[in-house]
Amino acid sequence: MKTLIHATLRCNLKSIRRNGLLCSRSRGERLAVWLAQPDNERYVISHMLSKHAASLDEVVIIRVRVPEGTLRKHGRHGLLYSIQDIPVDAIIGVKGFVPVEESTW
């Protein structure tokens, strides 16, 4: 198992709590769940701020544990992706840059 991070918008948390991280919700060119090594947190936050026109208080980082065999490498920024949905029970933490309230998660 590998511990990775996924950045998303705070408004997506309720759906993620119910359904997990779904490939079908991807907004990229590939229908996949996009993940990164935890030490690349700064890069994924920067990506969310620029590509998705988000503000820092809208961004949350979800920490997940996934089987390594389900991952594929992408690019040079330590990005990986899974073409399999990531279930709710694989989520091991959520971090926001303003507190993530229990009612949101």
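FYI, it's all coordinate maths here, none of it is from the lab. Computed from a predicted structure; not experimentally measured. Please note: Cβ atoms are built from the backbone with ideal geometry, for glycine as well, and neighbour counts cover all protein chains shown.
Numbers for the structure displayed
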| quantity | calculated |
| --- | --- |
| Theoretical FRET efficiency, 1/(1+(r/R0)^6), r = Cβ-Cβ of S46 and R25, R0 22 Å, to 0.05 | 0.55 |
| Neighbour-limited loop hits for trypsin sites (Lys or Arg not before Pro), region 35-87 (at most 12 other Cβ within 10 Å; DSSP other than H, G, I, E, B) | R76 |
| Residue-averaged 222 nm ellipticity for the chain, from DSSP H runs of 4+ at -39500 (n - 2.57), nearest 500 | -5000 deg cm²/dmol |
| Ascending count of other beta-carbon atoms within 10 Å, so fewest first, for E68, E58, E29 | E29, E68, E58 |
| Which label in (i) 1.66; (ii) 1.58; (iii) 0.92 gives the computed Rg/Rh (Cα atoms, Kirkwood Rh) | (iii) |
| Taking S46, S24 and counting other C-beta atoms within 10 Å, the order from fewest to most | S24, S46 |
| In the chain, lysine pairs closer than 23 Å at Cα, eight or more apart or cross-chain | 6 |
